[in-house]
Structures are given as structure tokens and as C-alpha cells.
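One structure is given below, encoded as C-alpha cells.
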Ligand SMILES: [Cu+2]
């Protein structure tokens with residue numbers, strides 16, 4: 001069982017060409033900000049999932065398998081929605 005889990009982890013990380021990007025965002029204060037940012041990212045075909053953590057000012061974007069989002073696109077999406085990006089991390 002343990003070997004199976006390790007194998008599955010190795011395989012999934014090798015096959016995972018999706019990205020997870022975490023942007024630190026200034027200026028989000030309410031649920032309308034959250035839905036505005038979510039909508040902006042969902043317009044991008046590369047985006048699988050968006051999660052906005054209002055309390056911590058973090059926007060987490062998962063791309064679809066095989067799709068990438070560069071920092072400039074992430075920044076542009078957030079800036080165009082009316083907010084400021086202070087940091088972009090990838091994991
Ligand atoms: Cu708001």
C-alpha cells in the first residue's frame with residue numbers, strides 16, 4: 001500500500017503539468033472583490049480553478065493540465081480587475 005502511494009505520488013508529480021500560482025493581492029475587501037477576481041481568472045482558458053482568500057489577501061490559481069500562466073498574465077488579470085499584486089509565488 002505504501003509503495004503504491006509513493007508510486008502514485010511520483011507519477012502524478014511527473015505527469016502534472018498544471019501549475020499552482022499564489023498571488024498576494026492588495027485592495028480586496030469584500031465578497032464583490034472576491035467574485036470580481038474569480039470571474040476575471042475564469043475568462044482565461046488556462047485556468048482550472050481560482051480560490052480567493054480574502055482574509056489573507058491571497059489568490060490561488062490552478063491551471064489546467066498542460067496549461068501555464070506567466071507572472072505577467074497573472075498580474076495583468078488582477079490589475080485589470082482593480083487590485084494590486086505584491087508578490088507571486090509558485091508551488
Ligand atoms: Cu469588495
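What FRET efficiency comes out for residue 73 versus residue 29 if R0 is 22 angstrom and r is the Cβ-Cβ distance? Round to the nearest 0.05. E(calc), rounded to 0.05, equals 0.35.
Ordering 19, 48 by the number of other Cβ atoms within 10 Å of each residue's own Cβ, fewest first, gives 48, 19.
By count of other Cβ within 10 Å, fewest leading, how are 55, 87 ordered? Working shown, then result.
Values: 55 7, 87 10.
Least to most surrounded, the residues fall as 55, 87.
Relative contact order (percent) for the range 46-91, with alpha-carbon contacts under 8 angstrom and 6 or more residues of separation? Write down the numbers at each step before the final one.
Numbers: 36 pairs, mean separation 12.3, N = 46.
The normalised contact order for the range 46-91 reaches 27 percent.
The simple spin-label model puts a point 7 Å past each Cα toward its Cβ; for residue 80 and residue 51 those points are separated by 2.5 nm. Please work out whether the range 27-66 counts as rounded, prolate or oblate from its C-alpha gyration tensor, where a ≥ b ≥ c are the square roots of the eigenvalues and a/c under 1.5 means rounded, while otherwise a/b larger than b/c means prolate and anything else oblate? Taking the square roots of the gyration eigenvalues as a ≥ b ≥ c, the range 27-66 is oblate.
Quick note: the coordinates plus some simple rules give every number you see, no bench work behind them. Here the structure is a predicted model, which means the values were calculated and not measured. Here the Cβ is made from the backbone with ideal geometry for all residues, glycine too, and neighbour counts use every protein chain on show.
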